[in-house]
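Report on the structure given below.
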4 protein chains.
Amino acid sequence: MSDSPADAAPPQVPAAPSAVVELRVRYAETDQMGVVYHANYLVWCEIGRTELIRTLGLPYAELERSVGILLAVADASLRYHASARYDDPIRVVTTLADVRSRTITFDYLIAHAETGERLVTARTTLVCLDRTGRPVTLPAMLRDAFGRS
Amino acid sequence: MSDSPADAAPPQVPAAPSAVVELRVRYAETDQMGVVYHANYLVWCEIGRTELIRTLGLPYAELERSVGILLAVADASLRYHASARYDDPIRVVTTLADVRSRTITFDYLIAHAETGERLVTARTTLVCLDRTGRPVTLPAMLRDAFGRS
Amino acid sequence: MSDSPADAAPPQVPAAPSAVVELRVRYAETDQMGVVYHANYLVWCEIGRTELIRTLGLPYAELERSVGILLAVADASLRYHASARYDDPIRVVTTLADVRSRTITFDYLIAHAETGERLVTARTTLVCLDRTGRPVTLPAMLRDAFGRS
Amino acid sequence: MSDSPADAAPPQVPAAPSAVVELRVRYAETDQMGVVYHANYLVWCEIGRTELIRTLGLPYAELERSVGILLAVADASLRYHASARYDDPIRVVTTLADVRSRTITFDYLIAHAETGERLVTARTTLVCLDRTGRPVTLPAMLRDAFGRS
C-alpha cells in the first residue's frame, strides 16, 4: 500500500483522483468474534470506488446499462490492521492507483471515521469486460475521466 | 405454519411435494450475538425451494435461462423459535403449500439436523414474472411439475 | 401493515415514535435478477430500527454492551411491492408499532427516496433477551424511551 | 499461488495437509453481473480452511469456545480467473502453506467441481488471538495438528 501514487506524488504532478465515503457498521456485518466479518471490507472497497467513479462524473450503474461494459475484479489484496465493530463510523478513502489499456487499479484506506485508526488497507485491480464477458479496452470516456487519454 | 398441507393431509390425498436439504452454518452467517443473523434464514429457505424444484425435475437456473421466467418473492414470513450457531448442521424441509395461476407458496421447517430442534418456520409466496418484470401465468411445465394442471 | 398506529392515530394521541434513514443500494446487495436480493430488506429494517432506537437516545450498541440485554427478532413479515436496483437511493421509515412487557414491534416502509415508490412494507417483533438468551422484561430505560412506562 | 507446497513437494517430503469441500452456488451469492459477487469467495475460503482444521481433528468452533483462541484473517489475496454462476457445483481445495509461531497461512484453489475450470486462487494468513484480541503463540495442539511442533 505504500506505493500509492497519492503518497509519492511530487508537488508538480496532479494528485491522483480520490474520493471519501463514510458509512456505519451494520449488525449484519459483524460475526461471532464481535467484529466485522473480513469479507465485508471488499464490499466497502466497492462502495469506495463507486463513489470515486461517481465523483469523476461517471455513475457506474450508467456505465453498465448504457455503455455496456462491466468492471470485474481480477485481483484483490487486503491487509487487516485493526477491527471495526458494530455501529462504528467508517471512512473509506479510495485512490486511483493505475490505469492501463484494459485494467484500473484502486487503493483503499479504511479507517475509523472518528479516531482515524487505520483498519484495513487494500488494493483491487478491475478488468474491463463487454457484455459477453470478454476483456476489452477501457472506453475513451473512462480513460478521459481518469486523466489517462 | 400449522396449516401446512403436509401436516393435514388425510391418507388418500397425495402428499404435497417436499424436499430436504442439509447445510452447515458458516462463520459469515453469524453475528456478534453469537448466533446466525436472522436474515440468513431467508437464504436457506431459497436453498430449500431450489432443491424442491430440482427434485421435481426443474432446475431453477434452467427456468430462468431458457424459459425466461423468474420466480420473485412477493411475501415472506418467518417465526424464530431457537438460534442456530456456527458449524451447526441444519436441515431445511420445504413443502409446496399452494399453487395458483401466478403464484407458488412454500412452507419451510428449519431445524438442527442432529437434535431435531425446531429453529425457524417460514412461508414465502413467489410470483411468476417474465423478463420485463411483469407478473405472468405459471408456465405449464411448472404447473405440471407441481401437480396442478 | 394497515393497522400501524401511525396511520390510525387520531389527532389528540401523540404520534408513535418513528425515524427515517436513507441508504444507497450496494452492488453486493443485487442478485442475478438485476434487483436487490430479497433477504437484504431485513438488513435495512434493522438499520431502520437501530436509527429509531438511537433517535430515542438509546444507542443499541450501548444496550448490548452495558445493559447486557439483546433484542432478538422473534417474528418477521415482509411484503414486496416493487424492486430496488443498484445505486438506487432508498428511504426506510421505521415506526414503533407496539411495546409489551418482553417484546417490541416495529413497522417499516421502504421506498425509493426520490420517486417515493413503495418497495417493501414489513413488520418485525423483537424479544428482549438477557446474556444467557433467556427472555426478560424490557429494562425500564427502554420502556421509558418508547413512552410506555 | 504457484509456490504452494503441495505443488513443489518432492516425493520424500510429507505432503502438506489439505482438504476438499464442495458446495453449490446460492442465488444470494450472485450479483447483477449474473455471476458470484467477488467477496463471496472469501467466505468459501473460510469454509475450506474450517474443513481442513476439522480434518486435522480440531473443530474450529471448539477452538474458539474451549481453548479461547481466535484465528483472525490478517492478510488475504485473491486472483479471479473465471466466474462461478448460480447453481454451479464448486470445489474448494485448501492447503496448509505455512505455520509460524503466531500465524498460519492457507492456499486455496476454487474450481468448478464438474469441469475442473479454475475460478479463483487465493491465500490468507491468519493470526492467533486470545479473547482480548491480543496476538498470541499458537497453542501446542494447533502446532501439533499442523505437524510443526
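The values are calculated or read from the model by the stated rules, or taken from the named source; none is laboratory data. Model, not experiment: these values are computed from the prediction. Note: ideal-geometry Cβ built from the backbone for every residue, glycine included; neighbour counts use all protein chains shown.
A few points about this structure:
- Of C:ASP144, C:ASP107, all but one fail to be charged (D, E, K, R) and under 22 Å from B:TYR80 (Cβ atoms); the exception is C:ASP107.
- Residue count for region C:105-124, restricted to those that are within 10 Å of the chain's Cα centre (by Cα) and surrounded by fewer than 20 Cβ atoms within 10 Å (Cβ to Cβ): 1.
- In summary, A:ARG102 fulfils each of the numbered conditions (1) closer than 17 Å to A:LEU56 by Cα; (2) surrounded by fewer than 19 Cβ atoms within 10 Å (Cβ to Cβ) with the single exception of condition (1).
- Sole exception among (1) buried (at least 23 other Cβ atoms within 10 Å of the Cβ); (2) part of a strand (DSSP E or B) for D:LEU42, by number: (2)
- Criterion applied to B:VAL43, B:VAL67, B:VAL92 was being farther than 25 Å from A:TYR37 by Cβ and touching a helix residue (DSSP H, G or I) at 6+ places or on another chain (Cβ under 8 Å), and the one residue passing it is B:VAL67.
- Within region C:46-83, tally of residues that are touching a residue at least 24 places away in the same chain (Cβ under 8 Å) and aromatic (Phe, Trp, Tyr): 1
- Total residues in region B:12-34, condition facing another protein chain (nearest Cβ under 10 Å) and modelled with pLDDT of 95 or more: 10
- Flag for B:ARG49 being at pLDDT 95 or above and assigned to a loop (DSSP other than H, G, I, E, B): no
- Residue match in region A:63-79 (condition: surrounded by 22 or more Cβ atoms within 10 Å (Cβ to Cβ), of a type outside the set (A, V, I, L, M) and farther than 20 Å from D:VAL120 by Cβ): no
- Those strands (runs of 3 or more DSSP E) lying entirely in region D:62-139 with at least 1 residues away from every other protein chain (no Cβ under 13 Å) and of a type in the set (D, E, K, R): D:89-99, D:103-112, D:118-129
- Among the residues here, D:TYR41 does not qualify as free of Cβ contacts under 8 Å to residues at least 40 places away in the same chain, within 11 Å of chain A (Cβ to nearest Cβ) and among the hydroxyl-bearing types (Ser, Thr, Tyr).
- Of all residues in region D:56-84, those that are within 15 Å of the chain's Cα centre (by Cα) and not hydrophobic (A, V, I, L, M, F, W, C) total 5.
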